[in-house]
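Working notes for the structure below.
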Amino acid sequence: MRPGLLLGTMLLLCGSTAEANIYAYTDSSGVVHLTNVPGGNDRYRMVMRTPKMAVAMARADFNQVARAHYQALIRAAASRYGVSPALVNAVISAESGYNAGAVSPKGAVGLMQLIPATADRFGVANSFSPADNINGGTAYLAHLLRVFSGDLKLAVAAYNAGSKAVIQAGYHIPPFAETQAYVPRVLAYYRQYLNSGGKAGGLNPQAVAQAAPQLIQVSNP
């Protein structure tokens, strides 16, 4: 594992403006496993005590190599479904921080954090595949934009809470704390990507951190 990628992964494991110790072990195949919740697994040893920092900053800085690597897939899917690449990048930034292996406690998977039902609905065979995940997530975004007549806020809210919740809220952002925080966070990323000419590498992490700090969800070890 390269030092830059190792640091990016460690940052991803940090809690919002809180300290989090990082634990690691190397398996018999030479794969390095990292976690901030060793859960009593005696194979893990603490390798880093992280400083306090804004999680949105950590998320924005995570694995810039991966972010650049996925741009061709993002542009292709965005063109296929008529969605702005800046919006796809914004959702990926908020959902997974460009971590294709991300799994949430609720079972959402991959770059765009697709739940199994959504993955099945949009023909995603493997949610851990960046190409499949981006294609399915972008198709879902295009569908939501059609459902809500191009209203970006409502489409983003529905991506997080579901279309039914938005409709039941009278076509407003549902009164869920997670969704109320999620929508401005995605829109902050979206504005940043638009201002950088659609290039994900042009993101200003400080501006996003100030706009909408949040917790990062990580999978259990």
Once label points are set 7 Å from the Cα along Cα→Cβ at both residue 66 and residue 180, what is their separation, rounded to one decimal in nm?
3.1 nm
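For residue 131 and residue 169, calculate 0.36 nm times their separation in residues minus their Cα-Cα distance, and state this gained length in nm to one decimal.
On the way: separation 38, 0.36 × 38 = 13.68 nm, distance 3.33 nm.
Length gained, residue 131 through residue 169: 10.3 nm.
The numbers here are math on the coordinates, done by the rules we state, and not lab data. Here the structure is a predicted model, which means the values were calculated and not measured. Positions of Cβ are generated from backbone atoms using ideal geometry, with glycine treated the same way; all protein chains shown enter the neighbour counts.
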